[in-house]
Amino acid sequence: MEFLELMSISHRYMEILNPSTSEKIIKLGKLLKLKKGKRVIDFGCGCAEPLTLWAEEFGITGIGIDISGDFCDRARKKLAAKGLSDQIEIACSPAADYIFEEGAFDAATCIGATFAFGGYQQTVRAMKRAIHQHGRLGIGETHWLSNLVHPQYAQEQITTHTESELAQFTRSEGLELECIIRASNDDWDRYVSDSWQGLIRWLEENPTHPDSEQVFKHYRRDQDDYLQFQRQYMGWAMYCLAPVESHSTGSHLQE
Ligand SMILES: C[S@@+](CC[C@H](N)C(=O)[O-])C[C@H]1O[C@@H](n2cnc3c(N)ncnc32)[C@H](O)[C@@H]1O
């Protein structure tokens with residue numbers, strides 16, 4: 001079974017496919033200065049819950065890009081059911097291959113999918129081409145909570161950084177880290193529990209499926225990773241990145 005199929009199974013009971021909430025996604029929308037008629041491009045949009053919330057709350061238009069046919073179908077059905085198909089378009093494509101109109105968007109977002117571009121900094125670099133000079137970026141990303149991360153786990157998570165490193169990457173791309181909206185432990189517990197529930201229900205429904213052992217192993221590994229490492233060492237947050245004319249390049253730590 002391919003990774004995307006496993007993801008469809010583990011994320012089948014979720015609309016927000018991240019450790020976040022509707023309230024926090026709407027808060028990100030406010031920070032991104034979304035208003036009626038603003039255009040948003042969302043890379044790795046999943047089932048388009050963030051775009052749906054922003055369309056309902058702020059009246060935006062936009063486009064969501066996702067590699068998963070299953071999530072794109074779910075997104076399109078939801079948008080149609082809510083009467084939002086004219087406002088939000090869904091493109092089924094790898095994010096890095098999608099050709100967009102440069103400078104045409106008020107905000108570009110990538111919530112929990114920076115791996116689609118190869119990491120945080122590459123994502124900022126790609127997304128800033130989509131926005132005009134006063135546009136903002138919204139990025140959902142993991143970070144290390146401590147520098148005492150278990151070495152075995154750190155080795156497997158090579159694209160995770162400290163928040164200080166994320167701020168440095170942001171600045172080196174000519175933007176400033178304006179705001180953080182942090183996931184709570186409850187947000188993480190909700191996200192991983194929904195995922196385990198999706199996997200366990202599928203196993204109950206498909207006891208003789210040829211891939212059931214793989215699905216069970218995936219569930220166990222995901223749970224062990226979370227309980228042994230992630231909960232202790234890894235955080236997740238959404239960042240709002242803004243264009244600010246720079247006034248000084250020095251760090252106070254070096255003065
Ligand atoms: C953690 S989910 C986040 C979904 C959504 N942003 C949300 O917050 O609900 C990551 C998403 O990235 C998508 N994805 C993975 N690799 C991708 C790629 N190369 N290009 C576009 N989307 C990708 C997955 O299909 C999945 O929907």
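The values are calculated or read from the model by the stated rules, or taken from the named source; none is laboratory data. It should be emphasised that the depicted structure is a prediction, and the values quoted were computed from it without experimental measurement. Reconstructed Cβ throughout: ideal geometry from the backbone, glycine too, with neighbour counts over all protein chains shown.
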Check on Thr170, among the β-branched types (Val, Ile, Thr) and at pLDDT 95 or above: yes
Only listed residue being surrounded by fewer than 17 Cβ atoms within 10 Å (Cβ to Cβ), of a type in the set (Gly, Ala, Ser), free of Cβ contacts under 8 Å to residues at least 12 places away in the same chain and at negative phi, chosen from Ala80, Ala104: Ala80
Considering residues of region 79-102 that are within 12 Å of the ligand (Cβ to nearest atom), in a helix (DSSP H, G or I) and of a type in the set (A, V, I, L, M) only, the residue nearest to the chain's Cα centre (by Cα): Ala95
Region 159-193, residues that are under 21 Å from the mean Cα position of the chain (by Cα) and over 19 Å from Ala237 (Cβ atoms): Ser193
Matching residues in region 222-232 - criterion: being of a type in the set (Asp, Glu) and either closer than 30 Å to Ala108 by Cα or crowded, with 17+ Cβ neighbours inside 10 Å (or both): Asp222
Residue check for Ala130: farther than 18 Å from Arg39 by Cα and within 16 Å of the ligand (Cβ to nearest atom): no
Some residue of region 66-78 being more than 19 Å from Met7 (Cβ to Cβ), touching a helix residue (DSSP H, G or I) at 6+ places or on another chain (Cβ under 8 Å) and more than 8 Å from the ligand (Cβ to nearest atom): no
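Conditions (1) part of a loop (DSSP other than H, G, I, E, B); (2) surrounded by 24 or more Cβ atoms within 10 Å (Cβ to Cβ); (3) within 14 Å of the ligand (Cβ to nearest atom), marked per residue:
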position	(1), (2), (3)
Met14	yes, no, yes
Ser20	yes, yes, yes
Leu28	no, yes, yes
Lys33	yes, no, no
Lys36	yes, no, no
Val40	no, yes, yes
Gly46	yes, yes, yes
Candidate set: region 103-127, residues that are over 30 Å from Ile158 (Cα atoms) and either basic (Lys, Arg) or part of a loop (DSSP other than H, G, I, E, B) (or both); chosen: the one nearest to the ligand (Cβ to nearest atom): Ala104
Options Gln228, Gln152, Gln157: the member that is touching a strand residue (DSSP E or B) at 6+ places or on another chain (Cβ under 8 Å) and modelled with pLDDT under 95: Gln157
Test result for Gly235, over 30 Å from Gly135 (Cβ atoms), surrounded by 18 or more Cβ atoms within 10 Å (Cβ to Cβ) and touching a residue at least 60 places away in the same chain (Cβ under 8 Å): no
Pair list, Cβ < 9 Å and 6+ apart or interchain, from region 12-29 residues that are under 17 Å from Thr142 (Cβ atoms) to residues that are among the charged types (D, E, K, R) and not in a helix (DSSP H, G or I): Lys24/Arg182
